[in-house]
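First up is the structure itself, then whatever we jot down about it.
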Amino acid sequence: MSIRLASVTALAAVLTLSACATSEDVVPVPYTVSQAAPVPGAGSIQVTVASTDARTENRARIGAQINGYGMEMAAIRSDTEVTEIVRAAIADELRQRGYAVGEAGSRINASVETFYNDFSVGMFAGKSTGTVAMTITVAGRSGAEVYSRRIEGSAERSVQLANGGNAATSLSQALSAALATLMDDPAFTAALSK
């Protein structure tokens, strides 16, 4: 009787664990705004922020769960469009620095090329690697392009589970890294007032 109970329990555990990797995961990708100080004079500079999807692959998902052998299983999707996540993050970073974000002034566009998390299997823990890449352009009030730069951010974390929550955390950290590069670029901040 105890052998049979142990067998049934082991089978139930295996089925439960495999079901996790075969069920699609839809998750929020939270973004935490940096603790940047206001930029002197930014309050008088109006900007508009937009984002477009330029991804050539993985447009319908932000990652995939993997099993213990590293084989790709079910998709991980964001509950919000990737372009909206990026647009809102840039707008929040600009507001944090004191810029007037709205419908007037210089137009910032983020053309999102990569927004994806890869999981890999390790000896004692797996890895979650989030990668975000985009080209940022700024058009001045006249409509002429005054800034263009490709930025990238990545984040790598040790994880026990290849699930949506871990993918979202890695992608949020990668987005923070990319936007830190952008916000630290003096050419970008100078372009906002043109």
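The values are calculated or read from the model by the stated rules, or taken from the named source; none is laboratory data. What you see is a predicted model, and the numbers here were worked out from it, not measured in a lab. Note that we place each Cβ from the backbone using ideal geometry, even for glycine, and neighbour counts take in every protein chain shown. When the accessible area is computed, the model is the full protein with side chains, heavy atoms only, and any ligands, DNA or RNA have been set aside. Shrake-Rupley method; radii C 1.70, N 1.55, O 1.52, S 1.80 Å.
Among the residues of the stretch 142-164, those identified as open to solvent by 40 Å² or more (accessible area, probe 1.4 Å) and small (G, A, S) are S142, G143, A144, S148, S154, S158. T169: modelled with pLDDT of 95 or more, open to solvent by 40 Å² or more (accessible area, probe 1.4 Å) and among the hydroxyl-bearing types (S, T, Y), yes or no? Criteria met by T169.
Step by step: first the residues of the stretch 18-32, then only those that are surrounded by 15 or more Cβ atoms within 10 Å (Cβ to Cβ) and aliphatic (A, V, I, L, M), then the one that is farthest from N117 (Cα to Cα). Which residue is that? Selected residue: A21. Does the stretch 40-63 include one or more residues that are over 27 Å from A180 (Cα atoms), modelled with pLDDT of 95 or more, open to solvent by 30 Å² or more (accessible area, probe 1.4 Å) and not hydrophobic (A, V, I, L, M, F, W, C)? No; the residues of the stretch 40-63 include none that is over 27 Å from A180 (Cα atoms), modelled with pLDDT of 95 or more, open to solvent by 30 Å² or more (accessible area, probe 1.4 Å) and not hydrophobic (A, V, I, L, M, F, W, C).
Would you confirm whether or not the stretch 113-126 contains a residue that is under 19 Å from R55 (Cβ atoms), crowded, with 21+ Cβ neighbours inside 10 Å and of a type in the set (S, T, N, Q)? Taking every residue of the stretch 113-126 in turn, at least one turns out to be under 19 Å from R55 (Cβ atoms), crowded, with 21+ Cβ neighbours inside 10 Å and of a type in the set (S, T, N, Q).
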